[in-house]
1. If the only charges are +1 at each Lys and Arg Cβ and -1 at each Asp and Glu Cβ, what is the size of the charge dipole of the stretch 42-85 around the Cα centre, to the nearest 20 debye?
2. On a full-extension model of 0.36 nm per residue, what is the gain between residue 171 and residue 104, subtracting their alpha-carbon distance, rounded to one decimal in nm?
3. Taking the Cα centre of the stretch 199-244 as origin, sum charge times position over the Cβ atoms of Lys and Arg (+1) and Asp and Glu (-1), and report the length of that vector in debye to the nearest 20.
4. The stretch 36-146: Rg/Rh from Cα coordinates, Kirkwood Rh?
5. Would you mind getting the Kirkwood hydrodynamic radius of the stretch 166-211 from its Cα pairs, rounded to one decimal in Å?
6. Given the pairs 88/197; 46/197; 171/224; 46/224; 68/115, which span a C-alpha to C-alpha distance of over 25 angstrom in this model?
7. Which length gain, in nm to one decimal place, applies between residue 141 and residue 126 when the Cα-Cα distance is subtracted from 0.36 nm times their residue separation?
8. What is the calculated FRET efficiency for residue 62 to residue 187, with r their C-beta to C-beta distance and R₀ = 25 Å, to the nearest 0.05?
Amino acid sequence: MTKRTLMATATLCVTTVMALTACGTDKKTDTKETDGSGSTTAEAFKGLTANQISEKARVAMTKLDSFKVAGTMTTDGQHMTFDFSVAKAGDCQGTFTTGGASAEIRQIGDAAYMKGDEKFWQQMGSKDGSSSEDTDALIQMLKGRWFKMPAQDAKKEDKFPFCDIDTMFEKDKKESHLTRKADTEVNGTPAVTLTGKDGAATQTLLVAAKGEPYALRMTVKGGKEPGSFDFSAFNKPVTVTPPPAGEVMDPEKLKG
């Protein structure tokens with residue numbers, strides 16, 4: 001249940017990613033913009049609507065072998081940060097912090113490992129409805145150790161959403177109107193700006209206008225889950241290794 005609690009939070013982040021890269025129908029927008037530094041990106045995606053540009057970004061991201069995603073998000077009043085390296089094969093590793101507690105995650109194929117600090121396990125015990133005695137016992141058992149998810153829980157639908165590129169950038173059938181705004185730069189890379197509304201939230205997607213049309217940054221302002229996501233290290237090798245066997249907690253010991 002601790003992994004599922006964490007996954008519920010991670011899923012909110014992934015849902016935002018999917019919404020921002022969803023492709024709907026749109027009227028053509030004016031593409032004559034500048035990035036403010038004297039260079040022009042008017043020719044980038046010439047003749048394409050904002051939604052068509054978003055779709056190109058979505059497809060480009062699904063073709064990546066690996067990338068990094070880092071950012072922040074607020075949900076249920078809790079501020080969160082995350083930093084993950086993700087491989088197409090499903091391997092990933094990273095950290096996840098919320099409410100002053102943090103956890104490290106590694107996933108290699110169907111094997112998933114999680115190592116949390118003391119505050120993290122305290123929070124998970126509280127959310128699971130465990131008694132203070134049981135939570136204290138859990139903390140002592142997992143102190144300095146990795147928890148390996150039981151094999152029966154390591155199915156595709158139970159994997160951490162950040163570890164599945166196809167899930168993060170799955171095409172959304174719901175139409176959403178996007179508009180192209182003034183072009184900009186992200187860490188020196190020219191980018192086009194696409195914005196849209198989702199209820200009270202304003203969503204912005206910055207797509208690389210040089211090289212492959214990768215998603216560089218996504219932000220959500222207003223609404224219930226504001227946040228920001230930065231993508232980088234495209235196709236840089238990601239190597240995830242299992243924790244040392246002596247540092248892994250046998251899930252059988254936690255039964256009961």
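Every read-out reported here was derived from the displayed coordinates using simple, explicitly stated rules and does not represent laboratory data. These numbers were taken from a predicted model, which means no experiment stands behind them. Glycine also receives a Cβ, built like all others from the backbone with ideal geometry; neighbour counts cover every protein chain displayed.
1. In total the dipole reaches around 200 debye.
2. Numbers: separation 67, 0.36 × 67 = 24.12 nm, distance 2.88 nm.
Gain on stretching residue 171 to residue 104: 21.2 nm.
3. On the way: 5 positive and 3 negative charges, 17 e Å.
Taking the Cα centre of the stretch 199-244 as origin, the dipole is about 80 debye.
4. 1.16
5. Working: mean 1/r = 0.0829 Å⁻¹.
Hydrodynamic radius (Kirkwood, Cα pairs) of the stretch 166-211 is 12.1 Å.
6. 88/197; 46/224
7. Extra length from residue 141 to residue 126 when fully extended: 3.8 nm.
8. Values: r = 22 Å, r/R0 = 0.89.
Result of the calculation: an efficiency of 0.65.
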